[in-house]
Amino acid sequence: MCVEAHTPDKRFSRKQRLRDSRLFREAFDGGRSYPGRFLVLWLRSGEDASLRLGVVASKRTFRRAVDRARAKRLLREAFRLNRDRLDGAYDVVLVARRRILEVKCPAVERDLLVVAKRAGIAQKLRSPAA
């Protein structure tokens with residue numbers, strides 16, 4: 001029996017990303033936002049929504065390009081590692097907050113899961129098999 005058959009797929013392909021500005025606009029115009037300590041989660045529902053991710057780190061919040069890149073990288077990594085814990089017919093847009101530069105990835109992951117639970121897209125956590 002192969003161990004890899006039971007591990008969830010943690011890859012993050014192009015098909016799992018939001019890239020069209022129209023889709024970002026739809027998410028922001030939808031008005032469903034959930035603030036956290038290090039991020040703000042926006043949900044976009046629609047026929048084609050399938051837990052795709054869009055990431056925003058504005059120049060106004062992060063003046064230096066290196067800071068914008070780090071913020072986006074932390075958000076993508078937190079989502080990638082926890083995508084299997086999320087559920088629903090939504091696309092997710094994560095907006096980075098300034099405080100994200102003060103923490104490492106595990107703190108961002110915890111914040112993402114707390115906000116996702118509040119938004120109603122986090123699955124119930126299953127206990128490990130005995």
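The values are calculated or read from the model by the stated rules, or taken from the named source; none is laboratory data. None of these values were measured; they are calculated from a predicted model. Ideal geometry is used to build each Cβ from the backbone, glycine not excepted, and the neighbour counts take in all protein chains shown.
Of the residues making up segment 68-82, none is modelled with pLDDT under 95, small (Gly, Ala, Ser) and farther than 14 Å from Asp111 by Cα.
Yes or no: segment 92-101 includes at least one residue that is within 20 Å of Leu23 (Cβ to Cβ) and touching a Phe, Trp or Tyr at 6+ places or on another chain (Cβ under 6 Å). If you could, list the steps in order and put the result at the bottom.
In the first step, residues of segment 92-101 are kept if they are within 20 Å of Leu23 (Cβ to Cβ); the result is 92-96.
The next check asks that each one be touching a Phe, Trp or Tyr at 6+ places or on another chain (Cβ under 6 Å); those that pass are 93.
Yes: segment 92-101 contains one or more residues that are within 20 Å of Leu23 (Cβ to Cβ) and touching a Phe, Trp or Tyr at 6+ places or on another chain (Cβ under 6 Å).
In this structure, is Leu39 farther than 11 Å from Val92 by Cα and modelled with pLDDT of 90 or more?
yes
Of all residues in segment 24-49, which are in contact with a strand residue (DSSP E or B) (Cβ under 7 Å, 6 or more places away or on another chain) and not aliphatic (A, V, I, L, M)? Those that are in contact with a strand residue (DSSP E or B) (Cβ under 7 Å, 6 or more places away or on another chain) and not aliphatic (A, V, I, L, M): Phe24, Glu26, Phe28, Gly30, Arg32, Ser33, Tyr34, Trp42, Arg44, Ser45.
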